[in-house]
Amino acid sequence: MEIRTTLHFDKNLAKKLRKNPQLKNNIKKQVSLLKENLHHPSLKLHKLSGKRAQEYSFWIEGNLRITFILIEAISKPRLRLGFESPSGAYSIPVQKVLKWAVDNVILFTDVITHDEY
């Protein structure tokens, strides 16, 4: 699982960290939990509604939350082909095996208080 951030998120996070530098440790801990298990109870993860209906939110501390969008990115298929001997005396039939790999990307969009939803 890959974590990406928006410019808005980066600016807002920097602002919050200037006010409270100790917040950095709590954010690291919660992001680590998020990477390991989206459904970890201490994240208090939930889907938002209204204007932010496509976003989710997880708890950092107090009433502070990080909002994000979960993006499922599908990579290009991998193609496997059969084998033919150099002399052409024998061959293994060509098999086209398409394997799609799904990689989840989490895009952090904002750092807000619960009241700012």
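The values are calculated or read from the model by the stated rules, or taken from the named source; none is laboratory data. The model shown is predicted, which means the values in this text are computed figures rather than measured ones. Neighbour counts are summed over all protein chains in view; Cβ atoms, including those assigned to glycine, are modelled from backbone coordinates with ideal geometry.
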### Message
under 21 Å from VAL111 (Cβ atoms), polar (S, T, N, Q), modelled with pLDDT of 95 or more and surrounded by 11 or more Cβ atoms within 10 Å (Cβ to Cβ): is that true of ASN63 in this structure?
### Response
no
### Query
If we keep just the residues of region 16-42 that are hydrophobic (A, V, I, L, M, F, W, C) and either in contact with a Ser or Thr (Cβ under 9 Å, 6 or more places away or on another chain) or not in a helix (DSSP H, G or I) (or both), which is modelled with the lowest pLDDT?
LEU38
### Query
Which of the residues spanning region 94-117 are modelled with pLDDT of 50 or more and not in a strand (DSSP E or B)?
HIS114, ASP115, GLU116, TYR117
